[in-house]
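The values are calculated or read from the model by the stated rules, or taken from the named source; none is laboratory data. On a predicted model such as this, the values are computed, not experimentally measured, just so you know. Positions of Cβ are backbone-derived with ideal geometry, glycine not excepted, and every protein chain shown enters the neighbour counts. Quick note on the areas: whole protein, heavy atoms, side chains included, nothing else; ligands and nucleic acids left out. Shrake-Rupley method; radii C 1.70, N 1.55, O 1.52, S 1.80 Å.
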Amino acid sequence: MSPSPNTPARDRLRIAIQKSGRLAEPARALLASCGLSWRESRDRLFCYGESLPIDLLLVRDDDIPGLIDQGVCDLGVVGRNVLLEQDRGRGGNGAAPTFREWRALGFGGCRLSIAVPDSWEWQGAQQLAGRRIATSYPALLGQWLQEQGIAADIVMLSGSVEIAPRLGQADAICDLVSSGATLAANQLKPVQTILESEAVLAGPAHELDSVRGELAELLLRRLDGALRIRHSKLLLFQAPRRVLPDLLPLLPDAEAPTVMRLDDNDDLALQALCHGAVTWQRLEELKRAGARGLMVLPVEGMLA
Ligand code: ATP
Ligand code: ZN
């Protein structure tokens, strides 16, 4: 296949992110935490990578899988819900996927759920048989219904799905839910999750070649470090050696703590990288168990 005029230069990596919306800022912040910086163009659709040859394209989230498919972008940050919907929608089962999830990114969490009117007494998925279900995710819903062996009518709507039952367009809906407040405001209740979603780094099904492959590998290494330390803190403290068996159970999320002996007495200095929340309560418990001089430090970078 000859490269299309849109094929990006072979020596720069191009990442598509949402221009505005829920994923826009967190996506940019995560990439910036990997050491990327950009010069914004006047039309604000393209950001030229300055610190590394990694450029951003600012687009609607729904366009991202297609842009990867066409080779216009190498990678993209998009909800798993959008990625899978477009994958299944392309004919799913038969056709080989051209894009796939490279990494889960830990933000933009939500569920694709079936919701029914508050007045329904939910007894299980079979209750949907013969009903009309409104959704913007016909491929994912269709696949789920098929797996459950349920025949129902899918009513495709591109927005305002939650109002469909009140308008008489559908009996139930299948839509994204995070807090459930929008559903509740429309007298609906979520009864069945069909997909757990979050923002993901999407890329082609195949590996990238040469320079772009190397750039993608570098980005993934930094991304893995950034994701790992996102909630991590470095905990420093001192304690007598004899209380160590009491302290270690309070640090289940810590990587093997580094233990140093102070002078020639029984005192130890410890440092532990904790991946869970280091709360005041936890510090107080450690102190009660015999730790002293507790100090919590932020972790800004990590390369395994
Ligand atoms: P665009 O203009 O780019 O098409 P959009 O309106 O489709 O934007 P947003 O509402 O910004 O998109 O949602 C983007 C993604 O955020 C969703 O696809 C989903 O992965 C995630 N998300 C997280 N929580 C929610 C939620 N409560 N409702 C909708 N999407 C959510
Ligand atoms: Zn969208």
> Of the residues Leu45, Leu83, Leu67, which single one is outside the structural domain of Ala181 (by TED's automatic domain parsing), over 26 Å from Gln192 (Cα atoms) and either open to solvent by less than 70 Å² (accessible area, probe 1.4 Å) or within 15 Å of ligand 2 (Cβ to nearest atom) (or both)?
Replying inline: Leu67
>> Take the residues in segment 157-191 that are among the hydroxyl-bearing types (Ser, Thr, Tyr) and more than 10 Å from Ala115 (Cβ to Cβ); name whichever of them is nearest to ligand 1 (Cβ to nearest atom).
In response: Ser178
> Got a number for residues in segment 101-127 being open to solvent by less than 50 Å² (accessible area, probe 1.4 Å), within 30 Å of Leu31 (Cα to Cα) and assigned to a strand (DSSP E or B)?
Replying inline: 5
>> Checking the structure you have, find out if any residue of segment 9-22 is at pLDDT 95 or above, under 29 Å from Val299 (Cβ atoms) and among the polar types (S, T, N, Q).
In response: yes
> Out of (1) within 17 Å of Leu286 (Cβ to Cβ); (2) out of contact with any Leu (no Cβ under 7 Å at 6 or more places or on another chain); (3) touching a residue at least 60 places away in the same chain (Cβ under 8 Å), what's the single condition that is false for Asp253?
Replying inline: (3)
> Taking segment 48-63 as the search range and keeping residues that are within 16 Å of ligand 2 (Cβ to nearest atom) and touching a Phe, Trp or Tyr at 6+ places or on another chain (Cβ under 8 Å), which one is most open to solvent (accessible area, probe 1.4 Å)?
Replying inline: Leu57
>> Take Leu227 and tell me if it is in contact (Cβ under 8 Å) with a residue 40 or more places away in the chain, touching a Leu at 6+ places or on another chain (Cβ under 8 Å) and under 17 Å from Leu13 (Cβ atoms).
In response: no
> Taking the condition at pLDDT 95 or above, touching a Lys or Arg at 6+ places or on another chain (Cβ under 9 Å) and over 21 Å from Val200 (Cα atoms), does Pro53 pass?
Replying inline: yes
> Say we look at segment 13-42 and pick out the residues that are within 15 Å of ligand 2 (Cβ to nearest atom) and small (Gly, Ala, Ser); which of these is most open to solvent (accessible area, probe 1.4 Å)?
Replying inline: Ser20
> Within segment 242-252, is even one residue open to solvent by less than 70 Å² (accessible area, probe 1.4 Å) and of a type in the set (D, E, K, R)?
Replying inline: no
> Taking interchain pairs and intrachain pairs at least six residues apart, which have beta carbon atoms under 9 angstrom, with the first residue in segment 204-217 and under 8 Å from Asp74 (Cβ atoms) and the second assigned to a helix (DSSP H, G or I)?
Replying inline: Pro204/Ile68; Pro204/Asp69; Leu208/Glu214; Leu208/Leu215; Leu208/Ala216; Leu208/Glu217
